[in-house]
Amino acid sequence: MIEDGPGSQHGGQLGPGSGGLGMVTKSQQDDGIKQRPQYSMPGILHFLQTEWARFEMERSQWEVERAELQARIAFLQGERKGQENLKQDLVRRIKMLEYALKQERGKYHKLKYGTDLNPEDLKPPTFDKENKDDHIDGEISLSTSSGTGTATWRQGRQLLRQYLQEIGYTDTIIDVRSARVRSLLGLQTQSGDSDADISQSVLVNGDQPNKRDNQGKRAGLKKIGNLANDNALIDTENAVMTTFDFLNSGNVVEDEEDLSDDNEDGIAADDEAEERLERASMKLKGDNEGLTGLDETDADTEEALAEFHFLESEMGGSSEKHESSSGEDEEWVVDQRHISELKEQYKKERKGKKTRPTRHALQAMLASLGGEDDGFTAGVGDGQSLASSGEAREDDIPSGGQISYARKPMMGLQDDDENLDGGLVLGELAGLTVNNEADPVNYDISAPKEGYRKTWSAKYTLRSHFDGVRALAFHPVEPVLLTASEDHTLKLWNLQKTVPAKKAASLDVEPVYTFRAHVGPVLSLAMSPSGEQCYSGGMDTTIRCWNIPKSDIDPYDSFDPNVLSGTLEAHTDAVWGLSIHSSKNQLLSCSGDGTVRLWSPGIKSPLLNTFTVDSEEGVPTSVDFVRCDPNQIVASYTSSNTYIFDMETGAQVLMLETKINSDASGSNQINRVISHPTLPISITAHEDRHIRFFDNNTGKIIHSMVAHLDSVTSLAIDPNGLYLLSGSHDCSIRLWNLDSKTCVQEITSHRKKFEESIHDVAFHPQKPYIASAGADALAKVFV
Amino acid sequence: MKMANETAPIIRRNRPGTKNKDWCNWEDESFEEMDSTLAVQQFIQQAIRKDFTNVEEILNPPEGQDEGVWKYEHLRQFCMELNGLAVKLQVECNPETCTQMTATEQWIFLCAAHKTPKECPAIDYTRHTLDGAACLLNSNKYFPSRVSIKDSSVAKLGSVCRRVYRIFSHAYFHHRPLFDTYENETYLCRRFTQFVTKYNLMSKDNLIVPIMEDQQTLEGESEA
């Protein structure tokens, strides 16, 4: 009542008369107290509905959370797998080093003493055999050995460490290894460390006997080379360079030492030593075919360096000489790649998670668009080729997308050359290509559709109508919409003029203009493509033409009679449907009087044509221009028949098989028919809960689906023809993927008045807005 | 709704294509059976459609009905139907002839829709008052629910009533033929007068349209 005081002053009543108001309130309050404990059915229902809505919301939140966690789990599992692979690989590497070292030792022994000694060392023939086995199914044997457990692995590692210490490479090797691990894990390689270690190890090497040192070094070199090889393929060029540098410098240093050692030993010239060693190695070659690669190199440092270069070149993919080792090598390389790919893939998947479904959807859509209609020209042709193969798609990628692709296919090719696990790895790569984030860039059409990737949520609630909202239409560009209601008015809403709402997530909007002229409920609405005019059809049989005021108009401006620019009168019953042509200034209307009429508003005699059918067809319920044929219109009838008319002649061109394909009972009328914006497809919304798709050329049904729990009242299609929005008296609106014909999202939106709930739905032509109009006098806008 | 009548459970819908004569042409639903949150509105509209001249019946709430909601829904219905009167006034009542919102010579009503109340022409006053009432009655702040209404919000109904009543009075005193036509079509002023009297939403002094006597004579005529 305190507020009413000033209120009555503002009311401008200059005089007495509000004396009794205080008493009024008191009695009202008493009434209120008396009434309070009574529970009414609607009250309980309201409570239940709000509770239910809350539960639904919580449930959806929880589901989102769950999905996130699941994704996280998948990612972590993937990472774990990657780590395991890495570990396995490292174990294998150690085994290999161990094995190679044994060979070297055996060889060294042979060279020095000419006999196979040490029982602990495996004899060369045995070696050879083992080597061959490894070559054939190295993967299996190695993995089995690594599978024996960490104990064996540790022992092996210890042993290896010992061996390496003997040749003085412990620290370096270990260091390289750790560098590699670090690089694998995406950490930065510390290049400085290894250099320092080199000089240290070189100093240690100085004590070693020359030849042994050389051989040991060679073995080490080879392994290091392999390591480097892997490194290069993984991704850190840095690490490779470091390793190579260190090897080079190490070699140089050792060169000098070798020379001095040689001199000290009294051997005349390097050449002699070289010759001798070469001969020895030739002999070995004969005995030991499997070890050719290892024997190839010699004590001479030049050759060691050469070999090193050779190893480097081996990276390119040719592996003729190192039969045994490179065989294993390649397998490992592939494995490494595999790991890194896995890791990268997981990273990508994680990043691209949100966008991926849409991408798949788009792809699939394009594919089936192509499949559906072969004759459908350029755009669809593109779609076919896009969807048919990853390579073809790459061709179509604009420059932006290519960068991220470039590396993978290259690696794929390399694999092909090596003929190792090529298929498998390519399979992975193919997957990677498909999942590449850069994909959406390909589709220009997808650019303005970002809104569809997320779920829609209610943002604006449009409250101001007193009765059911029958129709709504968006402005072609602005965030502005119009609603038409059974309360006899139309209202203009500017979504940028919101009323700050308390605690509610959605914003309230107040209308900026109210259009009054209809005598009776307003049932249909159409907005001109320019957004400057709109047309409304009502139960008063008229179609009103309006000039839409500017969206920033003062809602309480003075009355401008020119807002109503004209009235189209010819119908003799309620005007139930309006449709406007996107380029021609033409308007279609359908009415309870049984006619469909074509108008050209603004000219002297605006009625251009009238389309009628036999009276047994009932009355038209909805009408639309056939968007891909400028001379056709489509109209649906209460008889559940749908006809396509020629606009010029007014003759029926085709009858869509809507009736045959719907339930036999007479109550299945069509509530809405819309034309696909680009394809010759008509979509009908039925009282029997179905949405059906028809081919405009043959009249045959393309698809039929139970779309809602109650009759489908309204349809809207997005400007690109990818998504369909439907509203139903089951209180929900649903968004459909037009390609897969699957429901993308369902939103419970309005409450029932009698058995009616949702009367209309709409897409904004450009902005990511959708809207629904309800019998509960509300309109809602979703973003 | 011929189709609805054929099937066993009546489905109360105005489907696209419905002819004017079939609009809401379905069997009455008892208030107890109305399970929607908009039951009160349904009930009121059903009673009006049944016989708009039977003001008593229309204003007679179902048993156990919360009075605040009852008043609120009725006022919504009044404002909605007043759109019809506003449409008629838009044609006849132009700002040149009716520069101020007046009824009798006694009062000049200032339009409360503006930050500082101003002397709007009658037609603007009418439109602004109806628009303002639409905003208030749909305000999420004061009327977040249509099934339970706070007492403080119910108190707002009185000022809305006083303002919209001036539309009746202006039409009556300045556009009498128009008013009479409209009144005969809707009985709205009679219903409104009886409504505010019944629920003490306006003082009798403000009810300057002498409609109740009219009504009595009309009723007498119909009975005769």
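The values are calculated or read from the model by the stated rules, or taken from the named source; none is laboratory data. These numbers were taken from a predicted model, which means no experiment stands behind them. Counting neighbours? That spans all protein chains shown, and the Cβs are built from the backbone with ideal geometry, glycine included. Areas reflect the complete protein model, heavy atoms only, side chains present, ligands, DNA and RNA absent. Shrake-Rupley method; radii C 1.70, N 1.55, O 1.52, S 1.80 Å.
May I ask you to verify whether residue B:145 is in a loop (DSSP other than H, G, I, E, B) and under 28 Å from residue B:68 (Cα atoms)? In short, yes. Which one of B:152, B:148 is open to solvent by 30 Å² or more (accessible area, probe 1.4 Å), among the polar types (S, T, N, Q) and within 21 Å of the chain's Cα centre (by Cα)? That would be B:148, the only listed residue that is open to solvent by 30 Å² or more (accessible area, probe 1.4 Å), among the polar types (S, T, N, Q) and within 21 Å of the chain's Cα centre (by Cα). Which residues, taken from the stretch B:93-107, are hydrophobic (A, V, I, L, M, F, W, C) and in a loop (DSSP other than H, G, I, E, B)? The answer is B:93, B:98, B:103, B:107.
Of all the criteria given as (1) under 19 Å from residue A:53 (Cβ atoms); (2) at pLDDT 90 or above, the one not satisfied by residue A:747 is (2). Considering the stretch A:612-660, the qualifying strands (runs of 3 or more DSSP E), each wholly inside and each with 1 or more residues that are touching a residue at least 24 places away in the same chain (Cβ under 8 Å) and charged (D, E, K, R), run over A:620-625. All conditions in (1) within 17 Å of residue A:455 (Cα to Cα); (2) open to solvent by 20 Å² or more (accessible area, probe 1.4 Å); (3) free of Cβ contacts under 8 Å to residues at least 40 places away in the same chain hold for residue A:732, with the sole exception of (2).
Against the list (1) under 14 Å from the mean Cα position of the chain (by Cα); (2) open to solvent by 10 Å² or more (accessible area, probe 1.4 Å), the condition residue B:79 fails is (2).
Can you find even one residue in the stretch A:476-486 that is open to solvent by 10 Å² or more (accessible area, probe 1.4 Å), within 21 Å of residue A:724 (Cα to Cα), modelled with pLDDT of 85 or more and away from chain B (no Cβ under 14 Å)? Scanning the stretch A:476-486, I find at least one residue that is open to solvent by 10 Å² or more (accessible area, probe 1.4 Å), within 21 Å of residue A:724 (Cα to Cα), modelled with pLDDT of 85 or more and away from chain B (no Cβ under 14 Å), so the answer is yes. Just wondering, is there one or more residues in the stretch B:57-68 that are of a type in the set (Val, Ile, Thr), open to solvent by 50 Å² or more (accessible area, probe 1.4 Å), assigned to a helix (DSSP H, G or I) and more than 7 Å from chain A (Cβ to nearest Cβ)? No, because not a single residue in the stretch B:57-68 is of a type in the set (Val, Ile, Thr), open to solvent by 50 Å² or more (accessible area, probe 1.4 Å), assigned to a helix (DSSP H, G or I) and more than 7 Å from chain A (Cβ to nearest Cβ).
Criterion applied to A:549, A:511 was being under 30 Å from residue B:99 (Cβ atoms), open to solvent by less than 50 Å² (accessible area, probe 1.4 Å) and at the interface with another protein chain (Cβ under 9 Å from one of its Cβ atoms), and the one residue passing it is A:511. Figure legend. Inter-residue proximity from the stretch B:150-169: first residues more than 15 Å from residue B:68 (Cβ to Cβ) and of a type in the set (Lys, Arg), second residues assigned to a helix (DSSP H, G or I) and open to solvent by 10 Å² or more (accessible area, probe 1.4 Å), beta-carbon distance below 8 Å, spacing 6+ or different chains. Indicated pairs: B:162/A:8; B:162/B:206; B:163/B:129; B:163/B:132; B:166/B:129. Looking only at residues in the stretch B:182-212 that are in a loop (DSSP other than H, G, I, E, B) and at the interface with another protein chain (Cβ under 10 Å from one of its Cβ atoms), the one that is farthest from the chain's Cα centre (by Cα) is B:203. Note on the stretch B:96-107: residues that are in contact with a Pro (Cβ under 6 Å, 6 or more places away or on another chain) and at the interface with another protein chain (Cβ under 7 Å from one of its Cβ atoms) total 0. Being within 8 Å of another protein chain (Cβ to nearest Cβ), closer than 25 Å to residue B:185 by Cβ and assigned to a helix (DSSP H, G or I) is a property that residue B:42 has. With the structure loaded, tell me whether residue A:580 is more than 28 Å from residue A:719 (Cα to Cα) and away from chain B (no Cβ under 14 Å) or whether it fails that test. No: the conditions fail for residue A:580.
Just checking, does the stretch B:108-116 include any residue being open to solvent by less than 30 Å² (accessible area, probe 1.4 Å), under 20 Å from residue B:209 (Cβ atoms) and either more than 8 Å from chain A (Cβ to nearest Cβ) or part of a loop (DSSP other than H, G, I, E, B) (or both)? No, there is no match, as no residue in the stretch B:108-116 is open to solvent by less than 30 Å² (accessible area, probe 1.4 Å), under 20 Å from residue B:209 (Cβ atoms) and either more than 8 Å from chain A (Cβ to nearest Cβ) or part of a loop (DSSP other than H, G, I, E, B) (or both). With respect to the conditions (1) in contact (Cβ under 8 Å) with a residue 60 or more places away in the chain; (2) farther than 20 Å from residue A:592 by Cβ; (3) among the small types (Gly, Ala, Ser), residue A:464 lacks only one, and its number is (1). Sort out which residues of the stretch B:69-93 are facing chain A (nearest Cβ under 8 Å) and either touching a residue at least 24 places away in the same chain (Cβ under 8 Å) or over 19 Å from residue B:201 (Cβ atoms) (or both), and write them in order of number. Correct list: B:76, B:77, B:79, B:83, B:84, B:86, B:87, B:90. Considering only residues in the stretch B:131-143 that are modelled with pLDDT of 85 or more and open to solvent by 30 Å² or more (accessible area, probe 1.4 Å), the one that is farthest from residue B:167 (Cα to Cα) turns out to be B:142.
Within the stretch A:719-728, being assigned to a loop (DSSP other than H, G, I, E, B) and either modelled with pLDDT of 90 or more or open to solvent by 20 Å² or more (accessible area, probe 1.4 Å) (or both) holds for A:719, A:720.
Can you find a residue that is of a type in the set (D, E, K, R) and more than 8 Å from chain A (Cβ to nearest Cβ) anywhere in the stretch B:121-140? Taking every residue of the stretch B:121-140 in turn, none turns out to be of a type in the set (D, E, K, R) and more than 8 Å from chain A (Cβ to nearest Cβ).
Residues that are in a helix (DSSP H, G or I) and among the basic types (Lys, Arg): does the stretch B:123-141 have at least one? Looking through the stretch B:123-141, at least one residue is in a helix (DSSP H, G or I) and among the basic types (Lys, Arg).
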